[in-house]
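Reviewing the structure listed below.
The values are calculated or read from the model by the stated rules, or taken from the named source; none is laboratory data. Note that the coordinates shown come from a computational prediction; the quantities given were computed from them, not determined experimentally. With ideal geometry, Cβ positions are generated from the backbone for all residues, glycine too; neighbour counts draw on all protein chains shown. Areas reflect the complete protein model, heavy atoms only, side chains present, ligands, DNA and RNA absent. Shrake-Rupley method; radii C 1.70, N 1.55, O 1.52, S 1.80 Å.
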Amino acid sequence: MNSWLVKTEPELFSFADLLAAPEQTASWDGVRNYQARNYLKAMALGDRVLIYHSSCKVPGVAGVATVVRTHYADPTQFEPASRYFDPQSTVAKPRWVAVDLRAACSLPRLVALSELRAEPALLEPRLLQRGSRLSVMPLRASEYQAIVALADRPQEG
DNA sequence: GCCAACGTTGGC
DNA sequence: GCCAACGTTGGC
């Protein structure tokens with residue numbers, strides 16, 4: 001089983017929205033970056049996915065989900081009205097993929113980016129580097145465990 | 001709102 | 001194929 005981290009802007013779609021969705025499941029669509037897409041393609045059933053809130057007051061990891069459907073053509077790429085519409089994508093040759101994620105558990109609390117940064121021994125620099133725009137990234141099992149452990153610990157300060 | 005970092009585009 | 005310009009991301 002592999003572990004991943006995906007970013008979302010909570011104003012658009014938050015972990016709470018995932019919890020509130022039918023079957024607590026949602027299509028993780030709208031990814032328009034080739035490297036991120038390739039990681040979506042690499043996701044397997046049952047993989048663990050940390051949901052990260054970006055571009056918000058307190059950026060950080062908000063929850064855990066699991067992959068319940070592996071990659072398929074992202075339907076939004078074919079919808080002209082969608083903000084994710086890609087005119088160069090065709091049904092015969094789709095460019096972009098989505099996966100389905102189901103909320104696995106709610107973390108005891110949000111693990112803020114500042115806390116992640118304070119754990120240099122646990123996190124590779126590639127995670128959440130300033131300027132990193134990668135919206136889907138793999139996590140080492142140790143990184144996943146470290147983040148979940150932080151959530152189980154009372155917030156310091 | 002600012003700005004650094006990054007990906008993409010397009011001229012050559 | 002290079003690389004400058006541009007647009008977007010995302011923390012602060």
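Overview of values
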read-out: Test result for A:VAL68, among the aliphatic types (A, V, I, L, M), under 13 Å from A:LYS7 (Cα atoms), assigned to a strand (DSSP E or B) and under 15 Å from the mean Cα position of the chain (by Cα); value: no
read-out: Matching residues, region A:143-157, being modelled with pLDDT of 90 or more and of a type in the set (S, T, N, Q); value: A:GLN145
read-out: Matching option when the condition is within 13 Å of DNA strand C (Cβ to nearest atom), of a type in the set (Ser, Thr, Tyr), open to solvent by 30 Å² or more (accessible area, probe 1.4 Å) and at pLDDT below 90, among A:SER132, A:SER106; value: A:SER132
read-out: Tally of residues being open to solvent by 50 Å² or more (accessible area, probe 1.4 Å) and within 16 Å of DNA strand B (Cβ to nearest atom) across region A:18-77; value: 10
read-out: In region A:1-17, residue least open to solvent (accessible area, probe 1.4 Å) [restricted to those that are more than 16 Å from DNA strand C (Cβ to nearest atom) and touching a strand residue (DSSP E or B) at 6+ places or on another chain (Cβ under 7 Å)]; value: A:SER3
read-out: Unique residue being acidic (Asp, Glu) and assigned to a loop (DSSP other than H, G, I, E, B) when the list is A:GLU143, A:GLU119; value: A:GLU119
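For every residue, the table says whether it meets (1) modelled with pLDDT under 90; (2) under 14 Å from the mean Cα position of the chain (by Cα); (3) of a type in the set (Lys, Arg).
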residue: A:ARG32; (1), (2), (3): no, yes, yes
residue: A:VAL61; (1), (2), (3): no, yes, no
residue: A:SER89; (1), (2), (3): yes, no, no
residue: A:LEU113; (1), (2), (3): no, no, no
residue: A:LEU116; (1), (2), (3): no, no, no
residue: A:GLU119; (1), (2), (3): yes, no, no
